1. Any chance you could give the angle, 0 to 90 degrees and rounded to 10, that helix 9-39 forms with the longest Cα principal axis of the chain?
2. Treat every Asp and Glu Cβ in the chain as -1 and every Lys and Arg Cβ as +1, leave all other atoms uncharged, and give the resulting dipole magnitude about the Cα centre to the nearest 20 debye.
3. Ordering LEU90, LEU23 by accessible area with a probe of 1.4 Å, largest first, what comes out?
4. Rounded to the nearest 10 Å², what accessible area does ILE18 show when all protein chains are kept and the probe is 1.4 Å?
Amino acid sequence: HKTKNDLSAETRAQVAEILNNRLADVSDLKSQAKQAHWNVKGIHFRELHLLFDEVATAAEEYTDLIAERITALGGTALGTVRIAAQRSSLN
């Protein structure tokens with residue numbers, strides 16, 4: 001996509017690719033944190049429940065930031081669940 005960014009097209013494409021990989025990671029992290037949030041049990045339930053929700057909320061903010069940086073570079077933010085599952089480097 002056209003952009004007024006003064007980086008070369010090659011550099012913008014490379015950085016957008018790296019950022020899309022991190023977008024997949026942070027989307028996956030959010031999903032895993034919500035999974036833990038919904039399923040935590042035990043004596044530390046309340047503390048862990050709140051912690052996992054905080055992690056998911058922070059991850060959501062980063063997904064938006066990363067996606068906006070990708071588009072600012074002229075790239076396309078690849079943020080679907082399917083793409084995150086394919087590209088995430090998280091276990």
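The values are calculated or read from the model by the stated rules, or taken from the named source; none is laboratory data. This one's a predicted model, so the numbers in the text were calculated from it and none came from an experiment. No Cβ is skipped: glycine too gets one built from the backbone with ideal geometry, and neighbour counts run over all protein chains shown. Areas reflect the complete protein model, heavy atoms only, side chains present, ligands, DNA and RNA absent. Shrake-Rupley method; radii C 1.70, N 1.55, O 1.52, S 1.80 Å.
1. It works out to around 10 degrees.
2. Numbers: 11 positive and 12 negative charges, 47 e Å.
Its charge dipole is roughly 220 debye.
3. On the way: LEU90 70, LEU23 5 Å².
Result of the area sort, largest leading: LEU90, LEU23.
4. 100 Å²
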